[in-house]
Amino acid sequence: MTAQHGAEATDLLAWYDRHARDLPWRVPPRSNARPDPYRIWLSEVMLQQTTVAAVKAYFLRFTDLWPEVADLAAAQDDRVMAEWAGLGYYARARNLLKCARVVTQDHGGAFPQSEAALLTLPGIGPYTAAAISAIAFDQRAVVMDGNVERVMARLFDVHAPLPAAKPVLKARAEDLTPQHRPGDYAQAVMDLGATVCTPRSPKCGICPWQENCRAFAQGLTDVLPRRTSKSERPVRRATAYWMVRKDGAVLLRRRPESGLLGGMMEVPSGPWEEIGEFRDTPPVTADWVDFPGLVEHGFTHLRLELKLKAARVDGRVKADGVWIAVADFDNHALPTLTRKVVRHVLAHLGRGIKL
Ligand code: SF4
């Protein structure tokens, strides 16, 4: 770290001491208390793909019901899933329980401190491992989320587009991370991105880094960070199969735990492949009807195009999944892609396509 970077870290920590967000899992800066690793882990898992505002009430209810990791490990699966309802992405809840049990049984109820050891636990990826290591244990771990990437791209005037620019932005963030108070620093830079260096109209006038910010000096805050345009992302294609039973129930299945939308419910689809044509490999033999149009969905690094087919099938057919009435779909945590597929099918069934 250069002297310049040391001064930037000091400025940011001084700003954090005055403006840290008040969050139920957080220990205020300069309070001499260490955060509870269980509470930091729980909040970070809940915050994956969910906003701070939505997570607060769930966090308070969970810590009220299960104040320690051993309490959560001993909880009934169904009870935890029921309390999780509404937060979505149920794979997270299942991994939450698995992780609580591994920590209780294999680690004596104490979360490990290093990123490497945390990464071996269920449901903990690189971001969450770095966040727990830094925030709960004050380790010098580099926590990269969308907020931090945006701040680094602007501060250092990085024009390479995301997501390809991620390693460059991480290296910049690493240069800035101090030895002193790295946990508070990690939270400070995330707070700066969430409250000051916002995606639109950043509040540069009150930013502790304004003096050294290259994007601010050049009037480029509105164009950074750059992103690879949607049309440049690789396209994967697949066919999805809407199977409806006589009683109106539709077959949904859970995607494999690893990979895109891992563990989430989908209308069964073939493998998502980078191919020019749509492969048609129906899971059962039936009178399949083609739907016009495509369902498109953007992920950070690729675009997915789904072609849809539908058929009435005998409920006794052999196919993986669960039969769910369309009216009950809202009781299941369906990801956005599945909701798009459902809307597309229902819109066309209402416009004359008959099964
Ligand atoms: Fe972001 Fe503006 Fe601060 Fe630069 S000066 S880091 S663009 S808020």
Give me the dipole magnitude in Debye, nearest 20, for the stretch 254-355 about the Cα centre, with unit charges on the beta carbon: positive for Lys and Arg, negative for Asp and Glu. 300 debye
Could you list which residues have their amide H under 5 Å from that of ARG303, counting only those 5 or more apart in sequence or on another chain, with H placed in the peptide plane? VAL235, ARG236
ASP145 accessible area, nearest 10 Å², 1.4 Å probe? 30 Å²
Using only the Cα atoms, work out Rg/Rh for the stretch 94-152, with Rh taken as the Kirkwood radius, to two decimals. 1.03
Overall dimensions of the stretch 116-249 by Cα: Rg and Dmax, Å: 19.2, 67
If you line up the long axis of helix 166-176 against the longest principal axis of the chain, both from Cα atoms, how many degrees apart are they, to the nearest 10? 20 degrees
Could you sort the peptides 285-291, 261-267 by per-residue average Cβ neighbour count (10 Å cutoff), highest mean leading? 261-267, 285-291
Point-charge dipole on Cβ atoms (K/R +1, D/E -1) for the stretch 168-258, about Cα centre, debye to 20: 820 debye
Only helical DSSP H runs with n ≥ 4 go in: add -39500 (n - 2.57) per run for the chain, normalise by residue count and round the 222 nm mean residue ellipticity to 500 deg cm²/dmol. -12000 deg cm²/dmol
Leaving out ligands, DNA and RNA, and with a 1.4 Å probe, what % of the accessible surface on the chain is carbon or sulfur? 50 percent
I'd like the Karplus ³J(HN,Hα) series for the stretch 107-118: coefficients 6.51, -1.76, 1.60, θ = phi - 60°, whole numbers in Hz, and an x wherever there's a Gly or Pro. 10, x, x, 10, 5, x, 9, 7, 4, 4, 6, 5
Once Rh for the chain is found with the Kirkwood sum over Cα pairs, what is the Stokes-Einstein diffusion coefficient at 10 °C and 1.306 mPa s, in µm²/s? 69 µm²/s
Burial ranking of peptide ranges 324-330, 234-240, 194-200 (average Cβ count within 10 Å, highest at the top): 234-240, 194-200, 324-330
Short version: ³J(HN,Hα) in whole Hz for each residue of the stretch 69-84, in order, from phi by Karplus 6.51 cos²θ - 1.76 cosθ + 1.60 (θ = phi - 60°), x for Gly and Pro, what are they? 4, 5, 5, 5, 4, 8, 6, 5, 3, 4, 5, 5, 4, 5, 5, 7
Just the ratio, please: alpha-carbon radius of gyration of the stretch 217-337 over 2.2 N^0.38 Å, N its number of residues. 1.30
Would you work out the charge dipole size for the stretch 76-162 about its Cα centre, treating the Cβ of every Lys and Arg as +1 and the Cβ of every Asp and Glu as -1, and quote it to the nearest 20 debye? 80 debye
Per residue solvent-accessible surface (Å²) - the stretch 65-201, probe of 1.4 Å: 40 Å²
Using +1 at the Cβ of each Lys and Arg and -1 at the Cβ of each Asp and Glu in the stretch 201-355, identify which of ALA215, ALA310, PRO256 lies farthest towards the dipole's positive end. ALA310
What's the ranking of 83-93, 130-140 by average number of surrounding C-beta atoms within 10 Å, highest first? 130-140, 83-93
Convert 10 °C to kelvin, take the viscosity as 1.306 mPa s, use the Kirkwood radius over C-alpha pairs of the stretch 28-150 as Rh, and evaluate the Stokes-Einstein diffusion coefficient in µm²/s, rounded to a whole number. 107 µm²/s
Just to be sure I follow the rule: in the chain, considering lysines 8 or more places apart or on different chains, how many pairs have Cα atoms under 26 Å apart? 23
Average Cα contact separation per residue, the chain, under 8 Å, 6 or more apart, as relative contact order %: 15 percent
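The values are calculated or read from the model by the stated rules, or taken from the named source; none is laboratory data. Note that the structure is predicted; figures quoted are calculated from it, not measured. As a convention, Cβ positions derive from the backbone with ideal geometry for all residues, glycine included, and neighbour counts pool all protein chains shown. Side chains included, ligands, DNA and RNA excluded: accessible areas come from the protein's heavy atoms. Shrake-Rupley method; radii C 1.70, N 1.55, O 1.52, S 1.80 Å.
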